[in-house]
Amino acid sequence: MSDVVFFPIRHHSPACAWHLERLISERKPRAVLIEGPRDATALLPHLANPATKAPIAIYTTFVDTTNRLGQPKPEKSKPARFSAYYPMADYSPELVAIRTGVTAGAEVRFIDLTFPEMVLAEHGQQQKQQARSLLDEQYLRQSRFLKALCERTGTRDPDDLWDHLYETNFQQLSSEEFIKGVETYCALSRADYTTEMLEREGNIAREAAMAAEIKAETERGDGLILVVTGGFHTPALRERLEAARSGGATSETVPGEAQTLLMRYGFVQLDRLNGYASGMPSPGFYQRIWEHLHQETATDVPPAARTAAEFIVELGRVSREKAPGLSPADEIAALDQTRRLAGFRQHPQPTREDLLDGIRSSFVKGAADAEGGLVLDQARVLLAGSRIGDLPPDVGVAPLVDDFRRAAAQNGLDISILYHKEKTLELYKSTSHRATSHFFYRLDYLGVPFGRRLKGPDFVAGRDLERITEVWRFCWSPDTESKLTEQSLYGGTLEEATANLLQHGLDEADEKGQGRRSDVTAAQLLHACRMGLQRLAPELLARTAALIAEDASFVSLVNTAGQLLLLHSSREPLEAHTLTGLTTIANTAYQRACYLLPNLAGTSEQEEQATLDALNALQQVALSLGDQPNSHLLLRTGLRDLLDNAQANPAIRGGALGALHTDGQLDDEELVRHVSGHLEKDGPVFLRGLLRTNRPCLWQVRPLLEALNQTVCDWDESQFVKLLPDLRLAFADLTAHEADLVARTVAEQVGARSAPSLMITGASPQDLLLGAALNQRIEETLARDGLAAFLEEVSR
C-alpha cells in the first residue's frame, strides 16, 4: 500500500528546498507529485537537464476564442487572452524536487489543473492580458494571523517573519519537525479564507483535481508518494484525499488556443520587490546561500553568514566606484553589526533584514532619505542579482521567437553578437529599408528590448519630419527572447502579434472611457502604417471618421486632424498610397473642432496645457488644409467668441488672442490693449496663454514688451512675489536665444547702453567633443542604474 507524505512549501524558499532534497535522497519515493499545470509534465526532461540553467520559467497562455467566459456580444467581442508564469530558481523547492526526484528514479509529474482549466475555474476573473504567477502567495500577506504574529515577534512583514521562523535554524531541525512547522504556519494563514473566496479564486477546483491525482497514484502500487505543493493547499489536500475519486482527475478540454513552454527568466523579474507577487524577495541573496549550502569546503561559518559578508564587501566596492567615502573599516563595522543584530534576535545565522539593518547602521552616515536611500538602493540591486537563465538548444521556443529570428536574418541584422550595432535606413528610397523599419517598430510596439531609434522622423509624434533616414541602434539580449515569449500571447508572428496588440489598445481605450476619442484610433492608424500593417489601415480610417462625428473633445479632434494630415503628407515612407479621403476626413475634424471653440471657456486648470497646445496646433491644421475661406472664417469666429467671453478661462482667452494676432485679425495696438487690460485682472495667466500660441509677438511688438515691463515695475514686492511663479511659467517656453533677445530688449528700454548677451559663444571643437563625451558618460551611467527609460522619456 502506498504511503503518502505531504511536503508543504513556500515558493523559492532555500530552507524548504534543502529539506526536500534531503528527504528525497534519503527515502527514495516512488513518485513525486508537484503542484503545477499537468500539461507542463512534458517539459520535465528539459527542467531536469543539467544544461538548463536557472532561473527559468514555464510560460503558459490561453486565448478564449469561443467566448466561454461570458462575453456579452460574442459576434462583436474580441477573444479574451490570459497568460501566467511558473518561475523557478536553483533553490525553488519545485525545481529541486524535479531534479532530485529524477536522479532518485522516481516518477515525477505535475498534478494541478491546466492553465485554461484554472481560468475557467476562476470564471475568467483573472485580469486579462496581464501575466500573473501560478505560485501566488498573496494569502501570506493578507493573513490576520501573520500580521498579529509579526507584531508579537517584532518582524517587519511576512517575509521577515518567514526568515525569522524558518530560514535561520532549518539545518538544526529534522525534516519531520520542519514540515510540521511549515504546515501549521500555512494552515493558520488559510484560516481567513471563506468557502466563497476559495471557490472564486479557483482553489476548490484545483485542490479537487490534485487530490484525485494523488488518489489515483496511491492505487498504482506500493511505495512512498511525495506530494509537493504550496503550504496553502496542504491541509485541504489531506482532508480531500480520502474522499477523492479513483482514476485521476477528469480533464475537460477547454475550447480555445493554449500553449505551455519554457523560457529564460531573470533574477530582476523574480525579485518580489520589483512586483513579482510570489515567493521571497532578493533572489541573489538566497541563491548565494543555496550555493554555500552545497559547497564541499569544510567551514564552521553558516551559509547566510558567509553570504552576508560577501554582500557587504561587494556593496562597499560598488559604493566606492560611484563615490568615495566607504572604507574597509566601514565594511568590518557593518558585518559586526549584522552579526550582533542576528544574535540579539536569536538567529543562528543572519537574515536578509539583519544584513540590511547592519548596512543601514554602518554605511549610512548622512540623511536617511538622501544618502541612506542611495546606499539601500545599491544594496537591493546587489541582493536581487542580475543572473539570467539559459535553456539547451533542443528546447523548443515560442513561434514568435522563431519568427523574430527569421525576420532578423531576412533584414540582415546579426543577432549572434552581444554588442550594439547601428543600422541606417533610407525610408524614401528603399522598399527593403522600409521593411526593416517595420521590423524595428513592431518590436518596439511589443515592448521587446532590441532596437532604439536614434535619429529619424517620428510620424506618430510628428517630430523631425524633415529627416529622410532613420538610424537604429540594436543589440540582442536574453531579455529580447523572454519578452517575445511573453508577447506570444498575442500571436505567433510579429505581424499577427502587433495587429492583435493594436486591437487590444483600442479595446483598452474603450474600457477606460476613451473609446469615443477619435485621436486614439488615428494614432493607432499611424502606428499600423509605421509597422507595415497597411491591411488594417482602411478599417482604422473608417473607424476614425465615424468617431469624429460624435467626438466631444476639442483636443482629440485637433489631434486627429493633425495626424491625418501628417499621414497624407508622409504617404511615401508610410506606404499609405491606397488610403483615400484623408484630407476630407481631416477637414471634417477641423470644422468640428472650430464649432467647439466657444465651449473652451470652461476649460479647467488641469486641461489648460493640452487645450493651449491644441489651439496652437489648430492654426497649423488650418494652414495645411489650404485656402478655404469658409473654414478660416469658422476658426476666426470661434476665436473671437472665446476672446470676448469675459467669464472664460484667462489662459485660454490669451491663447485665442495670440491666435487671432498671428492670423492678422488683430493689429499690434489691439494686442497691447488687450494684454494691458488683462494683466491687472488676470495676471500672468493670460500672458501664458498668449505666448503659447504667439510667442514671437513678445519681441516683434516692442510696445507689448514696454507695457509688460511697466506693469511689472509698478507691482509692489508682495504682489511681485505672489505672481512670480505664474510669470516664470509664462516665459518657460522661450528658447535660450529668445530669452537673450527679450532680456537685451528690456535692458535697452530701461536705459542700459550695452546689455551683455546671455548666450555662450566661442565654443571650440574640443569643448564640443568634451560635451559629447560627457553626454555619453551620463547615458551609460543612467543605463547602468536602470534609468534608460527615463532618459528616453526626457529625449522625447
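Data table
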item	result
Unique match (being under 30 Å from Q503 (Cα atoms), under 28 Å from the mean Cα position of the chain (by Cα) and either buried (at least 21 other Cβ atoms within 10 Å of the Cβ) or modelled with pLDDT of 90 or more (or both)) among Y91, Y86	Y86
Identity of the residue in segment 455-491, touching a residue at least 40 places away in the same chain (Cβ under 8 Å) and of a type in the set (D, E), that ends up most open to solvent (accessible area, probe 1.4 Å)	D479
G373 under 30 Å from T338 (Cα atoms) and either crowded, with 21+ Cβ neighbours inside 10 Å or in contact with a Leu (Cβ under 8 Å, 6 or more places away or on another chain) (or both)	no
Close pairs (8 angstrom Cβ cut-off, 6 or more residues apart or separate chains): in contact (Cβ under 8 Å) with a residue 24 or more places away in the chain and under 18 Å from R109 (Cβ atoms) in segment 22-33, open to solvent by less than 10 Å² (accessible area, probe 1.4 Å) and of a type in the set (D, E) anywhere	A31/E217; L33/E217
For R452: the one exception among (1) under 27 Å from R387 (Cα atoms); (2) touching a helix residue (DSSP H, G or I) at 6+ places or on another chain (Cβ under 8 Å); (3) surrounded by 19 or more Cβ atoms within 10 Å (Cβ to Cβ)	(3)
Number of the condition not met by P538 [criteria: (1) open to solvent by 50 Å² or more (accessible area, probe 1.4 Å); (2) at positive phi]	(2)
Subset of segment 711-735 [loosely packed, with under 13 Cβ neighbours inside 10 Å and within 19 Å of R673 (Cα to Cα)]	C713, D714
Failed item, numbered, when G325 is tested on (1) modelled with pLDDT under 90; (2) in a helix (DSSP H, G or I)	(2)
Pair list, Cβ under 7 Å, 6 or more apart: segment 595-610 residue in a helix (DSSP H, G or I), other residue modelled with pLDDT under 95 and of a type in the set (D, E, K, R)	L597/D641; P598/D641
Among (1) of a type outside the set (S, T, Y); (2) open to solvent by less than 50 Å² (accessible area, probe 1.4 Å); (3) over 29 Å from L600 (Cα atoms), the one test that H674 misses	(3)
Segment 42-79, subset among the β-branched types (V, I, T) and either part of a loop (DSSP other than H, G, I, E, B) or at pLDDT 95 or above (or both), residue surrounded by the most Cβ atoms within 10 Å (Cβ to Cβ)	T52
Hey, G389 on the phi > 0 side of the Ramachandran plot, in contact (Cβ under 8 Å) with a residue 60 or more places away in the chain and open to solvent by less than 50 Å² (accessible area, probe 1.4 Å) or not	no
Filter result (open to solvent by less than 10 Å² (accessible area, probe 1.4 Å), among the small types (G, A, S) and closer than 28 Å to S430 by Cβ) within segment 541-587	S570, A576
R636 vs. criteria in contact (Cβ under 8 Å) with a residue 60 or more places away in the chain, in a helix (DSSP H, G or I) and under 25 Å from F554 (Cα atoms)	no
Count of residues meeting criterion [outside any helix (DSSP H, G or I) and loosely packed, with under 13 Cβ neighbours inside 10 Å] in segment 157-197	3
Qualifying residue in segment 573-593 (condition: charged (D, E, K, R), at pLDDT 90 or above and in contact with a Cys (Cβ under 9 Å, 6 or more places away or on another chain))	yes
Top-ranked residue in segment 510-535 [being under 24 Å from the mean Cα position of the chain (by Cα) and free of Cβ contacts under 8 Å to residues at least 12 places away in the same chain; ranked as least open to solvent (accessible area, probe 1.4 Å)]	G515
Strands (runs of 3 or more DSSP E) (entirely within segment 418-537) containing at least 3 residues that are over 30 Å from F62 (Cβ atoms) and among the charged types (D, E, K, R)	421-426, 451-455
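Residue by residue, here is whether (1) buried (at least 19 other Cβ atoms within 10 Å of the Cβ); (2) over 37 Å from the mean Cα position of the chain (by Cα); (3) more than 20 Å from P283 (Cα to Cα) holds:
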position	(1), (2), (3)
E314	no, no, no
A334	yes, no, yes
Q346	no, yes, yes
T351	yes, no, no
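The values are calculated or read from the model by the stated rules, or taken from the named source; none is laboratory data. The structure presented is a predicted model; accordingly, all values stated were derived computationally and were not measured. Heads up, the Cβs are rebuilt from the backbone with ideal geometry, glycines too, and the neighbour counts pull from every protein chain shown. Remember, those area values only see protein heavy atoms, side chains included, never the ligands or the DNA or RNA. Shrake-Rupley method; radii C 1.70, N 1.55, O 1.52, S 1.80 Å.
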